[in-house]
1. Only one of these is at pLDDT 95 or above, of a type in the set (D, E, K, R) and in contact with a strand residue (DSSP E or B) (Cβ under 8 Å, 6 or more places away or on another chain): Glu48, Glu96. Name it.
2. Identify all residues within the stretch 201-221 that are at pLDDT below 95 and surrounded by fewer than 18 Cβ atoms within 10 Å (Cβ to Cβ); write none if there are none.
3. Could you tell me which of the residues Ala14, Ala34 is of a type in the set (Gly, Ala, Ser), modelled with pLDDT under 95 and surrounded by fewer than 16 Cβ atoms within 10 Å (Cβ to Cβ)?
4. Quick one: which residue in Ser131, Ser159, Ser154 is modelled with pLDDT of 95 or more and of a type in the set (Gly, Ala, Ser)?
5. What's the total number of residues in the stretch 162-178 that are within 16 Å of Trp41 (Cβ to Cβ) and either part of a strand (DSSP E or B) or modelled with pLDDT of 90 or more (or both)?
6. Tell me whether the stretch 22-29 contains one or more residues that are closer than 19 Å to Trp181 by Cβ, touching a helix residue (DSSP H, G or I) at 6+ places or on another chain (Cβ under 8 Å) and either surrounded by 18 or more Cβ atoms within 10 Å (Cβ to Cβ) or at pLDDT 95 or above (or both).
7. Can you report the number of residues in the stretch 109-125 which are more than 18 Å from Pro171 (Cβ to Cβ) and not in a loop (DSSP other than H, G, I, E, B)?
8. Among the numbered conditions (1) touching a strand residue (DSSP E or B) at 6+ places or on another chain (Cβ under 7 Å); (2) within 17 Å of Val207 (Cβ to Cβ), tell me where Gln81 comes up short.
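The values are calculated or read from the model by the stated rules, or taken from the named source; none is laboratory data. Just so it is clear, the model here is predicted, and its values are computed rather than measured. Counting neighbours? That spans all protein chains shown, and the Cβs are built from the backbone with ideal geometry, glycine included.
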Amino acid sequence: MLWLLSPLLFVAIASGCGRPSFNNSSRVVNGEDAVPYSWSWQVSLQYEKDGTFRHTCGGSLIAPDWVLTAGHCISTSLTYQVVLGEYDRSVEEGPEQVIPINGEDLFVHPKWNPNCVSCGNDIALIKLSRSAQLGDHVQLACLPPAGDILPNESPCYISGWGRLYGDSGGPLNCPAGDGTWQVHGVTSFVSSLGCNTRKKPTVFTRVSAFNDWIEETMASH
């Protein structure tokens, strides 16, 4: 099931983004189940192995045919698909949309260095082979304005299907003043001591530092 992790202290690409159709006021934290489809831009990124697709990372649907995820989630040697409208990955519930990914449609930030995760630039874009069908269960994420910095102790939430590794690439969802939710972060890495370790916070790629790259990549492909 889609989980919501602990709240963290710390411009839309399209209109109508960041507003889930399903009531999300009763969110549960600390690795408990989220309200079904309350994070309707959440994506499951899956890779193929031995004829089966397996969940590897999260992502955010930022346009009908574009997904935002982490650079470390992408390998050019693998075959991927994304699943939208997913909640419980163990059963087929009906709203799921499974969309294949062409190998040439994986775009990792050019300055991402897999040998230096802490150097930053851990961000990637995926162009879908066909556009997602938007509706109550599948909606677009809002992105923050370029350069936007979250104030300390902002009530943000990580969504995903794992307490730790399964959430890589997934969104850090933060409320905006207009009532929408914005994806301010892409989950990058945690301490080798594990998540929720004292003084070892989860690290996110700040999305607002990459607006230009996101827009340029989408416009040129």
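1. On the way: Glu96 fails: at pLDDT 95 or above.
Within the list Glu48, Glu96, the selection yields Glu48.
2. To start, the set of residues in the stretch 201-221 that are at pLDDT below 95 comprises 201-204.
Pro201, Val203 - these are the residues of the stretch 201-221 that are at pLDDT below 95 and surrounded by fewer than 18 Cβ atoms within 10 Å (Cβ to Cβ).
3. Numbers: Ala34 fails: surrounded by fewer than 16 Cβ atoms within 10 Å (Cβ to Cβ).
Just one listed residue meets the conditions, Ala14.
4. Ser131
5. Filtering the stretch 162-178 for residues within 16 Å of Trp41 (Cβ to Cβ) gives 167, 169-176.
This time we only want the ones that are either part of a strand (DSSP E or B) or modelled with pLDDT of 90 or more (or both), so: 169-176.
Count: 8.
6. Initially, the stretch 22-29 is screened for residues closer than 19 Å to Trp181 by Cβ, giving 22-29.
In the following step, the residues that additionally are touching a helix residue (DSSP H, G or I) at 6+ places or on another chain (Cβ under 8 Å) were identified as none.
For the stretch 22-29, residues closer than 19 Å to Trp181 by Cβ, touching a helix residue (DSSP H, G or I) at 6+ places or on another chain (Cβ under 8 Å) and either surrounded by 18 or more Cβ atoms within 10 Å (Cβ to Cβ) or at pLDDT 95 or above (or both): absent.
7. Looking only at that region, the number is 3.
8. Only one criterion is unmet by Gln81, namely (2).
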